[in-house]
Amino acid sequence: RAVAHAERTGEPLALLTIDLDHFKRINDGHGHLVGDEALIMVAVALSDATRGADLAARLGGDEFVVLLPDCSAADAAIIAGKMQGTLRARWPAARTPLTLSIGAAAMPDDARTAEQLLVASDAALYEAKARGRDQIALASDLGDQPA
């Protein structure tokens, strides 16, 4: 509904695509119970940073998405930073590192359709990982804007 509304009205809608950095290392090095704890902690960080109208979901494995109605990509990046900060504050780094790479994109600036929004956010995620992980990248910084 949020996507259909944004497509129809042109109001902003942001999408964060989130990946747990080196999650396989956590499962392999510390066991799946610790991996499950890490996933739960990420869910808590996402929940703590989002607003009531936002929707956070696990796509599978170590990837999450957050849909942010009435939110620009720049504002989404601020929310993403809060997610990273919450995770840092709650997860004991001495146990094992747990960080997030996050890509942000928004309609209508970065995409005109839901599919374009997901592609743009995913491309930004890959840029965040290429920059060394534990980063937030904006689709608008990649230069591929919709026609």
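The values are calculated or read from the model by the stated rules, or taken from the named source; none is laboratory data. Note that the structure is a prediction, hence the values are computed from the model and not measured. Note: ideal-geometry Cβ built from the backbone for every residue, glycine included; neighbour counts use all protein chains shown. Calculation scope for accessible area: heavy atoms of the full protein, side chains included, ligands and nucleic acids excluded. Shrake-Rupley method; radii C 1.70, N 1.55, O 1.52, S 1.80 Å.
Out of curiosity, is residue 7 of a type in the set (D, E, K, R), assigned to a loop (DSSP other than H, G, I, E, B) and closer than 24 Å to residue 123 by Cα?
No: the conditions fail for residue 7.
Just one of (1) free of Cβ contacts under 8 Å to residues at least 24 places away in the same chain; (2) more than 27 Å from residue 109 (Cβ to Cβ) trips up residue 26, so point out which.
Going through the list (1) free of Cβ contacts under 8 Å to residues at least 24 places away in the same chain; (2) more than 27 Å from residue 109 (Cβ to Cβ), residue 26 breaks only (1).
Restricting the first residue to segment 8-22 and requiring it to be closer than 10 Å to residue 56 by Cα and modelled with pLDDT of 95 or more, which pairs with a second residue that is open to solvent by 10 Å² or more (accessible area, probe 1.4 Å) and assigned to a loop (DSSP other than H, G, I, E, B) meet a Cβ separation below 8 Å and a spacing of at least six or different chains?
none
For residue 21, all conditions in the list (1) open to solvent by less than 10 Å² (accessible area, probe 1.4 Å); (2) among the charged types (D, E, K, R); (3) under 10 Å from the mean Cα position of the chain (by Cα) hold save one; what is the number of the exception?
Single failed check for residue 21: (3).
Of all strands (runs of 3 or more DSSP E) completely enclosed by segment 31-147, which ones contain at least 3 residues that are surrounded by 15 or more Cβ atoms within 10 Å (Cβ to Cβ)?
So the answer is 63-69, 100-107, 136-138.
Please find, within segment 1-18, the residue that is most open to solvent (accessible area, probe 1.4 Å) out of those that are within 20 Å of residue 83 (Cβ to Cβ) and of a type in the set (Gly, Ala, Ser).
Only one residue fits best here, namely 2.
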